[in-house]
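Accompanying notes for the structure given below.
The values are calculated or read from the model by the stated rules, or taken from the named source; none is laboratory data. No experiment lies behind these values; they were computed from the predicted model shown. Ideal geometry is used to build each Cβ from the backbone, glycine not excepted, and the neighbour counts take in all protein chains shown. When the accessible area is computed, the model is the full protein with side chains, heavy atoms only, and any ligands, DNA or RNA have been set aside. Shrake-Rupley method; radii C 1.70, N 1.55, O 1.52, S 1.80 Å.
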Amino acid sequence: MSLGLQQRMGTVSATTPRLVTTAPPFPRVTVDRSASAEADRHATYDGLAWSHQPGAEALLAGVPAQAWCQPENQGWQRVKQNTSREVWRAVIRGSPYYLKYYFHDHWLRLLRRLFRDASCRAEWEAGRFAQRAGLPATRPVAYAMNLRRGRRRCDLLVSEAVEPAHVLSDFWRSLISDDDVRRRRQDAAQLGERLAEMIARAHQAGFEHLDLHAANVLVQPVGPRRYRTLFVDLQSARRDVPVGDHAIVRNLAQLNQWFRRNSSVGDRLRFLRAYLRWRNEYEMTFPHGRPIGLTFRQLVAALGRAAERHARHLWAQRDRRTARDGRYFTRLRLPGGWRGMAVVSAKHATDDSLASRLKFERSWWQQQLAQPLRWFAGETTGVCKDSHSASVRRATLIHDLQPLPVIIKRPLARSGRRRLAQLWPPSRSRRAWGIGHALLHRDLPTARPLAMLERRWGPFVLDSMLITEALPGTRDLESHLRDAYESSSPRGWARTKHTLAGVLAAHLRQLHERGFQHRDCKASNILVRPGFPPRLTWIDLDGIRRAGRFAHRRRFDALVRLHVSLCNVPGLTRTDRLRVLRAYLTRLGHAPDSWRELWRTLTRAAARKQSAKATRRAWKLKHYGRE
């Protein structure tokens, strides 16, 4: 749980906190490096060669080899599956165990085995090391190599189940949803203390979990409002080597990726203080124990930088998924030469997105999109927009669980020059598909793209369309403001304006800080979901681009467009628009009065923009008969 907010550091002491005197709940033991070879046993049961811990003989002898190779026939429960691993929960002789199958039939995994230990053996060794060092982790029981799982080759690791236990992310959410504020704070502080102790002890023992995120830590209740944390998924852990300052920062930054979205600054500061206390407590316990070479203030700064690097790496990794088959996306091949991508499932479900809670199959998409142009075949129902640049329809896709309302956009070329430009890939729909998911990956709210289709002739794009989730109950910002002005009392209207000014400024600032720019940033391209505070959502993904060389200029242009789009809204004053600008400049390193010169430049640019807009409107009326 790192801290990406140095603004709070003015109230934080720069010295390492005083050591606690309470005894840790885990025993202090040194690592016995000679115990591994003596403790591990090797035996063959029913033709299957095992390496196991003492005491596992009865378990392995009582289960035939065929049962290990075919867990689906034993009544055992599959809890996780992907292309490289399967995890099953099995109850054997009255005790629960977890069976993890590592598949190694892909050429890349086979190549990796030439240079490093197999994942199964690596997790076994990491678990045994954690056991000898007294680190809380799942206890491995036995492993076997080169099993035949159907038509695939795999390795098998058997571990003891820790029950009852909960994934840290789910347990943390349940804690912070408690309505009792005092109890919620106490429970969160206690859980943070246990987590900080576990990680500090592991680092001083020379153990680094290289995939330390909230789903790889379990929380086990050990009493009324008392908890214990444990490591899981240890196949990528580094062990029995000193954990230096750089590794510490990197490891805590991994954990920060989830907690910076789901915990407060105070929670993260308390966690970091506790981590430093427990490092001092365990410094003399382990051979690899050593003091950290950073002060508290330096650690916070380094952690903020590392968290941003880790986030950018993770975002880029997720962006690449949108162009290939996998757990979340699938390729489509449809009649008529249509090709594209579609969503299979969402990584994180949200309350305001029905599609994020549904599962889709490739066959379902092929059935729904068998005739993609039927929505544009001269029907007037469901028409949202029909202009020279795009045709937009509203439709409903029939899903087994619940009908799914969608918006279907088909870009058009309004001139021969645009038609020639749109022949070259990527198409507008493909670009919007990638941008939309990139925004979602960075927690920037937008209408979720569900499918993208293209029809090509060789490399040239002949036609394309984008299907996004419709958001019922939302209205564009301009309409929302007009309705609020007409229906609210003067005091209610003032409160609505002030609230929206802060939310809108933060919304735009976050878009720019995450590396994007909106080339058509106006009030009609921002949806408002009522509530307190209201939630805003970006639409018209065609206009959003990644920031390039002239990012600063593009940001200014976005402010100008937004300013102009709000000028004709009744009830909005010059002071209201100035309030948005000042809120936007907050926390961007600007001087307190830097808004003055920018405001003068902004108003002059807005006046020129309004004049050009009037000229453009007259041109459209002359050539198209409409604006």
Count of residues meeting criterion [in contact with a Lys or Arg (Cβ under 9 Å, 6 or more places away or on another chain) and either of a type outside the set (Gly, Ala, Ser) or farther than 21 Å from LEU299 by Cβ (or both)] in segment 202-211: 6
ASP178 free of Cβ contacts under 8 Å to residues at least 24 places away in the same chain, surrounded by 14 or more Cβ atoms within 10 Å (Cβ to Cβ) and over 24 Å from GLY94 (Cα atoms): yes
Test: residue in segment 280-293 that is closer than 30 Å to GLU513 by Cα, surrounded by fewer than 18 Cβ atoms within 10 Å (Cβ to Cβ) and small (Gly, Ala, Ser): no
Unique match (being open to solvent by 20 Å² or more (accessible area, probe 1.4 Å), among the polar types (S, T, N, Q) and touching a residue at least 60 places away in the same chain (Cβ under 8 Å)) among THR537, THR474, THR496: THR474
Output for segment 195-242, where each listed residue is touching a Pro at 6+ places or on another chain (Cβ under 8 Å), closer than 23 Å to SER264 by Cα and of a type in the set (Lys, Arg): ARG228
Qualifying position, being buried (at least 18 other Cβ atoms within 10 Å of the Cβ) and within 20 Å of TYR584 (Cβ to Cβ), among HIS480, HIS441: HIS480
Sole exception among (1) open to solvent by 10 Å² or more (accessible area, probe 1.4 Å); (2) in contact with a Gly (Cβ under 9 Å, 6 or more places away or on another chain); (3) outside any loop (DSSP other than H, G, I, E, B) for GLY434, by number: (2)
Cβ pairs under 7 Å, 6+ apart, first in segment 121-142 and in contact (Cβ under 8 Å) with a residue 12 or more places away in the chain and under 17 Å from TYR98 (Cα atoms), second in a helix (DSSP H, G or I) and of a type in the set (Lys, Arg): PRO140/ARG128
Count - residues of segment 261-313 that are touching a residue at least 12 places away in the same chain (Cβ under 8 Å), assigned to a helix (DSSP H, G or I) and among the polar types (S, T, N, Q): 2
Selection within segment 397-431 - closer than 25 Å to GLU469 by Cβ and in a helix (DSSP H, G or I): ARG428, SER429, ARG430, ARG431
Residue, surrounded by the fewest Cβ atoms within 10 Å (Cβ to Cβ), within segment 53-78, restricted to residues that are of a type in the set (D, E, K, R) and either in a helix (DSSP H, G or I) or touching a residue at least 60 places away in the same chain (Cβ under 8 Å) (or both): GLU72
